C-alpha cells in the first residue's frame, strides 16, 4: 500500500508523473510515454492548459465535431459539439436537416435572472430580524458598490435582496435571497463576491441592533453561495408543422405524430423513463456547453432540479397536436456565459464561438436549447421507428473496429457489410476474423 505524499503540488510536472509511475503504474511500462504523447507540441499552449487546474499531468482529448443545418429563428447555424458518445452528433445533424425542411426551430429567452443566498442561523424573534433587515438593507446594497461597478456599466448587477424565512422546515433557518443580472457573463465569481460582502455586512452591522442585544440573540451567517438552480433564467425552443408533413419513408405522419405525443406523455408520467429521456436531451446540451467552455455540471444540476420542480421528476420536453399541427417544445434553465472564465482563454472555445458567429449569452441559451430539443426529437423518432440500437450501433461500429485493431481496408469492408447487417461486438469480431482467415 502506498504511503501518503506531502508537497505534491509543489513538484514539477515531470516529477509528479515519475512519482505516479513509480507508485501506482508499475505494471504499465508505457504509462509515462502515454501521458507525454498527449502533451501539446506548442509549449505556450501546453502551459496554458497546465494552469487550468492543479496537478495537471497531461491533456485528455474528446472529439470536437459539428452539426450543420440548424435553422434557428430563420438564421442558419453550425453547432460545435464536444462529446465521446458515437451517435450524438449524427442524431443532432439528422434532426437539424429534418426540421430545416419544415420551418426550423423557433426560440425565445423568457428571463435571465440568476440568484444566490446568504444562509443564516437566527433563533430569536422573527419580528426583530425583519425589523433589522429593513434597517440594514440600504447598507447591504451600498456595501457591494465597488464590486458591481463594472457589471453595472454592462447593464447588470444586483437586482434585489429579500429576507426569506424557512423556519417551518428547519428551526432558526433564514436566508437572504439575492437576484442578479450578469449579462454575457455566467457570473459565478461576481455573484459569490457580492454574497460574501453582503454576508459580512449583515453580520457585522447586527452587533449594533438594539433588539438583538436585548435578547442576546444575534444572526449568524452559516455560508453564502450562488445557486445553480436558476428557474428564472429560462429559454424556450420549439418546432411545429402540419402532422401530414411528418410523413417519411413508410411512416404515416398523423400516426407518427400521435405516437410521438404518447411517448412524451409516458416520459411526463414515469420517472424511470423521464431520467433516460432527459439524459438524451443533455447529450445535446452538454456537448455544446463543453464546446463553449461553460460549466456543464452546473447546468446538469440546475436542469434536473427543474425537471422535478413540481415534486415529480418528469420530461423536460412537451408535445401536442392542435388543429392538425404538431408542436414539440422544451423549456430549460440555462445560466451561460460568453465572456470570462475559459471562454476567453481556451483556443478551441474561441473557435467554437467563431463557428457560432460570436453569440451573446442570450443567443447561446437559445442555441443550447435547440441542441437539446433536436437530440430529444432524434432519440424519440428512432425509438418509434427503427429502435434506438440500430443507428447507435452503426455509429459505434468504428469504436468496435478500433478495439479489434482493424486496418483501413478491413474497416471499409466492415462498414459495407454492416450496412445491411446487425452490429454487435461479437458479429464484428467474427467478420474481421473471417477476413483475416
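Assorted remarks:
- All told, residue 281 falls short of being touching a residue at least 60 places away in the same chain (Cβ under 8 Å), out of contact with any helix residue (DSSP H, G or I) (no Cβ under 6 Å at 6 or more places or on another chain) and either under 30 Å from residue 297 (Cβ atoms) or crowded, with 20+ Cβ neighbours inside 10 Å (or both).
Residues checked against (1) exposed (fewer than 15 other Cβ atoms within 10 Å of the Cβ); (2) under 23 Å from the mean Cα position of the chain (by Cα); (3) under 16 Å from residue 230 (Cβ atoms):
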residue	(1), (2), (3)
180	no, yes, yes
203	no, no, no
209	no, no, no
212	no, no, no
216	yes, no, no
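- Among strands (runs of 3 or more DSSP E) entirely within segment 86-205, having at least 1 residues that are modelled with pLDDT of 95 or more and either within 30 Å of residue 326 (Cβ to Cβ) or out of contact with any strand residue (DSSP E or B) (no Cβ under 6 Å at 6 or more places or on another chain) (or both) singles out 106-112, 157-165, 173-181.
- Test: residue 259 is under 30 Å from residue 170 (Cα atoms) and modelled with pLDDT of 95 or more: no
Rundown of residues vs (1) crowded, with 21+ Cβ neighbours inside 10 Å; (2) closer than 30 Å to residue 264 by Cα; (3) at pLDDT below 95, yes/no style:
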{"residue": "311", "(1), (2), (3)": "no, yes, no"}
{"residue": "315", "(1), (2), (3)": "yes, yes, no"}
{"residue": "324", "(1), (2), (3)": "no, yes, no"}
{"residue": "331", "(1), (2), (3)": "no, yes, no"}
{"residue": "334", "(1), (2), (3)": "yes, yes, no"}
{"residue": "343", "(1), (2), (3)": "yes, no, yes"}
{"residue": "355", "(1), (2), (3)": "no, no, no"}
{"residue": "368", "(1), (2), (3)": "yes, yes, no"}
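- Residue in segment 18-41 that is within 30 Å of residue 343 (Cβ to Cβ), in a helix (DSSP H, G or I), touching a helix residue (DSSP H, G or I) at 6+ places or on another chain (Cβ under 8 Å) and touching a residue at least 40 places away in the same chain (Cβ under 8 Å) present: no
The values are calculated or read from the model by the stated rules, or taken from the named source; none is laboratory data. Worth saying up front: this structure is predicted, and the values here are computed from it rather than measured. Because the Cβ atoms are built from the backbone with ideal geometry, glycine has one as well, and the counts that use them run over all protein chains shown.
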